[in-house]
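Enquirer: This is the structure I want to talk about, given as structure tokens.
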Amino acid sequence: MDACRRMIHRRAAQQDPFVRPAGTNAGTFPAKLLRMRDTPRQLGFVGREPEMARLNGYLDQALAKGGGVCFVTGEPGAGKSSLLGEFTRRLQGTHPDIVFAVGDCNPQTGTVDPYLPFREIMGHLTGSAEAAADEAPARRGSPRFFAATARILQEHGPDLIDIFVPGAAVLTRLGAQAAGKMRARRGTGDGLAMEALFGSEPGPLAVHLARHFAEAGITERAIEFRVLAGQEARRAFANAEAIAHFEQALELLQAPDGTETAPTSPQPGQAGILTALGEVLLLDGAFEPARGKLERALRLTADDDGIARARLLRKVATTHEREHEHGQAMERLEQAAALLGEARDSGDTAVLHEWIAIQVSRLWLLYWQGDTDGMQAIVQDAEAIVERHANDTQKYRYYGAKTGLGNRLDRFAPSERTLEASQQALRAAQASTQILDHADGLFGTGFIHLLRNQLAEALELFTRSLELARRCGDRTLQARCLTYLVVLQRRAGQEHAVEALLPEARALCDSLRMAEYLAVLAACESWLAWRHDDFGAARQLAEQALALWEERAPRYPFKWLALLQSMAMDYREGRTDTALEAARALLTPPMARLAGGLEEALRAAVSDRDGQPDPADPARLGAAVECARAAGYL
């Protein structure tokens with residue numbers, strides 16, 4: 001507080017001095033700013049010249065050094081107020097640029113508020129004193145001082161607004177005067193004070209500004225700052241706050257009859273606010289509400305704005321993809337691509353970037369469907385354009401999708417080519433300025449380590465990715481990290497770690513309706529039951545997992561999570577035929593290739609003669625079960 005006060009006085013004196021305009025009389029200034037100056041001298045002032053000389057010396061030091069503090073103390077009735085009154089009166093002739101501010105602190109008659117003097121002083125210095133300050137003659141001089149004070153507060157003490165500085169009075173008065181006279185941040189007089197208060201980066205004050213403009217009835221500016229508050233919250237990944245701010249901006253945009261207001265100054269329109277709101281809802285895992293907002297934005301977007309419409313269609317497709325509505329997602333992506341026409345021949349960077357984003361979304365959609373032929377066709381068509389024109393985020397997502405393609409082709413036993421694609425994806429993620437890219441890049445690299453059974457490396461990367469995902473509020477990525485941490489701990493044989501992770505992972509996946517991951521968790525819970533010899537629960541949970549995969553993700557590659565303990569239980573109970581059926585399913589693409597010699601053991605168990613299972617050596621099934629246990633799968 002003291003540093004802020006000293007800076008106010010230093011800048012006011014050195015950079016933006018208050019200049020009293022010619023012909024201005026005392027009545028045009030705030031009463032408390034000038035009350036000492038205008039009190040007529042009823043009696044002569046005598047006997048305090050030594051104290052007066054000391055005060056003048058302190059003032060000279062303060063002006064020379066940029067600030068200072070002086071305490072005047074004495075018994076009640078000793079003349080402290082009279083001394084300061086005479087000191088300020090004399091200074092009007094010798095230092096006309098000095099402005100005085102007063103805060104009352106009377107223990108007998110004052111308000112019981114220990115901060116009241118400071119609030120009054122800061123209020124005076126920001127120009128929010130009595131209504132006399134609003135009169136035209138004062139505005140020609142006082143805003144220069146008020147602007148300096150307001151700018152310093154915005155830069156060095158924004159938290160003082162509405163605590164030590166009466167923000168409502170300041171902003172409402174300035175905003176009301178500026179309405180109709182200034183657009184954006186242009187203007188004179190009070191416009192200068194507003195511009196200084198808002199600053200070039202008004203984000204920290206956006207919530208206050210939005211509220212005060214709304215109270216002043218200046219809806220257009222209230223919307224602007226409410227949107228800015230939402231953007232600030234979004235940058236901080238405070239998703240709930242961002243959603244609330246964008247929704248309030250939309251409410252302000254609605255006229256009493258329910259129609260959209262028609263703002264006259266440049267600001268995000270309803271479509272832009274709906275898009276921002278939809279994006280935050282998507283990040284928060286509210287896929288259906290996000291889709292509703294994005295589709296509303298699409299209806300409000302001009303038909304001839306092909307890029308904007310294509311972008312919105314792509315985002316709508318993402319909401320469908322997250323809910324495994326792959327047909328609807330692909331339809332939206334095809335509509336988006338059609339809007340861009342022959343984008344590859346365009347020299348427009350914006351068009352090329354959107355075309356690349358659509359191709360990357362198509363790649364990931366085909367990945368979830370297990371369509372490697374479709375993915376390879378897109379890679380062949382898009383790679384040269386991606387290399388030349390994609391930004392870091394697009395390159396990361398493209399190479400991540402190529403890694404996914406390699407995993408599909410390699411049956412999730414990464415080849416050197418797939419490793420190279422994963423390294424390209426990680427480099428692009430590290431080059432990106434987006435925290436979400438970093439988080440997703442860590443997860444993708446951790447996933448490769450998991451597939452290579454490098455569990456310590458995978459654990460570190462999944463953990464770091466989860467921390468960033470929580471910071472960013474990306475609930476989908478959080479669910480993926482938690483789910484594969486469960487798988488990792490199962491592969492490590494850590495029963496207690498699996499038990500500890502399951503509740504949070506299950507709750508999050510359930511809230512996001514991620515059926516394939518709920519199946520993973522049910523399969524790992526089945527493994528826990530199997531390890532504790534609770535074979536009834538183990539079988540029930542394994543069947544639940546397999547049913548979920550069959551319904552929502554039939555080509556999910558890690559069904560071994562449930563099939564292996566099912567095979568083991570069938571073998572234990574002498575159900576050779578069903579055990580062999582499970583073994584064959586484990587060997588059929590797109591199931592992941594199993595390491596540690598298990599793939600070969602399973603092939604030996606299902607080898608046939610003349611198309612029939614070989615009954616000569618049922619012990620081969622037992623050998624496969626023991627191999628799975630030794631390799632860490634069971």
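Enquirer: Looking only at residues that are of a type in the set (Val, Ile, Thr) and at pLDDT below 70 in region 89-122, which one is most open to solvent (accessible area, probe 1.4 Å)?
Expert: Ranking the qualifying residues of region 89-122, first place goes to Val112.
Enquirer: So, in region 466-486, of the ones that are in contact with a Ser or Thr (Cβ under 9 Å, 6 or more places away or on another chain) and hydrophobic (A, V, I, L, M, F, W, C), which residue ends up surrounded by the fewest Cβ atoms within 10 Å (Cβ to Cβ)?
Expert: Restricting to residues being in contact with a Ser or Thr (Cβ under 9 Å, 6 or more places away or on another chain) and hydrophobic (A, V, I, L, M, F, W, C), the top hit is Leu477.
Enquirer: Sticking with this structure for a sec: State which residue is farthest from His324 (Cα to Cα) when the search covers only region 550-567 and only residues that are assigned to a helix (DSSP H, G or I) and open to solvent by 30 Å² or more (accessible area, probe 1.4 Å).
Expert: Out of the qualifying residues, it is Glu550.
Results for (1) surrounded by fewer than 20 Cβ atoms within 10 Å (Cβ to Cβ); (2) part of a helix (DSSP H, G or I); (3) polar (S, T, N, Q), shown as yes or no for each residue.
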| position | (1), (2), (3) |
| --- | --- |
| Ile385 | yes, yes, no |
| Arg388 | yes, yes, no |
| Lys402 | no, yes, no |
| Thr418 | no, yes, yes |
| Ala421 | no, yes, no |
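Enquirer: Taking interchain pairs and intrachain pairs at least six residues apart, which have beta carbon atoms under 7 angstrom, with the first residue in region 372-390 and over 15 Å from Asn407 (Cβ atoms) and without any contact (Cβ under 8 Å) to a residue 24 or more places away in the chain and the second in a helix (DSSP H, G or I) and charged (D, E, K, R)?
Expert: Pairs that qualify, where the first residue is over 15 Å from Asn407 (Cβ atoms) and without any contact (Cβ under 8 Å) to a residue 24 or more places away in the chain and the partner is in a helix (DSSP H, G or I) and charged (D, E, K, R), are Ile378/Arg362.
Enquirer: Then there is this: Just to be sure before I move on: is Ala413 over 29 Å from the mean Cα position of the chain (by Cα), modelled with pLDDT under 95, assigned to a helix (DSSP H, G or I) and among the small types (Gly, Ala, Ser) in the structure I sent?
Expert: No; evaluated as a whole, the condition is false for this residue.
Enquirer: What are the residues in region 303-347 that are part of a loop (DSSP other than H, G, I, E, B), among the acidic types (Asp, Glu) and open to solvent by 70 Å² or more (accessible area, probe 1.4 Å), if any?
Expert: Passing the criteria: Asp303, Asp304, Glu342.
Enquirer: Yes or no: region 584-593 includes at least one residue that is open to solvent by less than 10 Å² (accessible area, probe 1.4 Å), part of a helix (DSSP H, G or I) and in contact with a helix residue (DSSP H, G or I) (Cβ under 8 Å, 6 or more places away or on another chain).
Expert: Yes, there is a match, as at least one residue in region 584-593 is open to solvent by less than 10 Å² (accessible area, probe 1.4 Å), part of a helix (DSSP H, G or I) and in contact with a helix residue (DSSP H, G or I) (Cβ under 8 Å, 6 or more places away or on another chain).
Enquirer: Same structure, new question: Go through region 218-236 residue by residue and tally those that are surrounded by fewer than 19 Cβ atoms within 10 Å (Cβ to Cβ) and in contact (Cβ under 8 Å) with a residue 40 or more places away in the chain.
Expert: Going through region 218-236 one residue at a time, the tally reaches 3.
Enquirer: Being in a helix (DSSP H, G or I) and among the β-branched types (Val, Ile, Thr) is the filter; apply it to region 82-100 and report the residue that is nearest to Glu49 (Cα to Cα).
Expert: Among them, the one singled out is Thr88.
Enquirer: Could you tell me which residue of region 364-409 is nearest to Ile448 (Cα to Cα), considering only residues that are under 31 Å from the mean Cα position of the chain (by Cα) and of a type in the set (Lys, Arg)?
Expert: Lys402
Enquirer: Of the numbered conditions (1) more than 22 Å from Thr349 (Cβ to Cβ); (2) at pLDDT below 95; (3) assigned to a helix (DSSP H, G or I), Gly278 fails exactly one; give the number of that condition.
Expert: Condition not satisfied by Gly278: (2).
Enquirer: Can you find a residue that is open to solvent by 20 Å² or more (accessible area, probe 1.4 Å), of a type in the set (Val, Ile, Thr) and touching a Ser or Thr at 6+ places or on another chain (Cβ under 8 Å) anywhere in region 348-365?
Expert: no
Enquirer: Name the residue, out of Ala537, Ala619, Ala605, that is at pLDDT 90 or above and either surrounded by fewer than 21 Cβ atoms within 10 Å (Cβ to Cβ) or under 27 Å from Leu450 (Cβ atoms) (or both).
Expert: Ala537
Enquirer: Please determine, by comparing only the residues of region 63-81 that are under 52 Å from the mean Cα position of the chain (by Cα) and in a helix (DSSP H, G or I), which one is surrounded by the fewest Cβ atoms within 10 Å (Cβ to Cβ).
Expert: Checking each candidate, the answer is Ala64.
Enquirer: From (1) at pLDDT 90 or above; (2) more than 15 Å from the chain's Cα centre (by Cα); (3) of a type outside the set (Asp, Glu), pick out the condition that doesn't hold for Leu283.
Expert: (2)
Enquirer: Sticking with this structure for a sec: For residues that are at pLDDT 95 or above and polar (S, T, N, Q), scanning just region 434-481, find the one that is farthest from Ala233 (Cα to Cα).
Expert: Once the filter is applied, the top-ranked residue is Thr463.
Enquirer: Return the residues of region 440-449 that are open to solvent by 20 Å² or more (accessible area, probe 1.4 Å) and within 17 Å of Arg490 (Cα to Cα); say none if nothing qualifies.
Expert: Result: Phe447, His449.
Enquirer: Tell me, please, whether a residue that is open to solvent by 20 Å² or more (accessible area, probe 1.4 Å), in a helix (DSSP H, G or I) and in contact with an Asp or Glu (Cβ under 6 Å, 6 or more places away or on another chain) can be found in region 450-465.
Expert: no
Enquirer: Further question: Evaluate the following for Ala343: is it at pLDDT below 95 and closer than 18 Å to Glu383 by Cβ?
Expert: Judged against the criteria, Ala343 is a match.
Condition check ((1) in contact with a Phe, Trp or Tyr (Cβ under 8 Å, 6 or more places away or on another chain); (2) among the basic types (Lys, Arg); (3) more than 15 Å from Cys472 (Cβ to Cβ)) across all residues:
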| site | (1), (2), (3) |
| --- | --- |
| Glu215 | no, no, yes |
| Ile218 | no, no, yes |
| Arg235 | no, yes, no |
| Ile243 | no, no, no |
| Glu247 | no, no, yes |
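Enquirer: Let me ask something else about it. Within the set of pairs 6+ apart or on separate chains, which have a first residue in region 448-469 that is of a type outside the set (S, T, N, Q), a second that is part of a loop (DSSP other than H, G, I, E, B), and C-beta atoms under 7 Å apart?
Expert: Every condition considered, the pairs that remain are Ile448/Pro414; Leu451/Phe412; Leu451/Ala413; Leu451/Pro414; Arg452/Pro414; Leu455/Ala492.
Enquirer: Among the candidates Ala583, Ala562, which residue alone is on the phi < 0 side of the Ramachandran plot and over 40 Å from the mean Cα position of the chain (by Cα)?
Expert: Ala583
Enquirer: Moving to a separate point now. Go over the candidates Asp577, Asp614 one by one and state the one that is touching a Ser or Thr at 6+ places or on another chain (Cβ under 7 Å) and at pLDDT below 95.
Expert: Sole residue among the options that is touching a Ser or Thr at 6+ places or on another chain (Cβ under 7 Å) and at pLDDT below 95: Asp614.
The values are calculated or read from the model by the stated rules, or taken from the named source; none is laboratory data. Quantities reported herein were computed from a predicted structural model and do not represent experimental measurements. For neighbour counting, all protein chains shown are included, and Cβ atoms are generated from backbone atoms with ideal geometry for every residue, glycine included. Note: areas computed on protein heavy atoms with side chains; ligands, DNA, RNA excluded. Shrake-Rupley method; radii C 1.70, N 1.55, O 1.52, S 1.80 Å.
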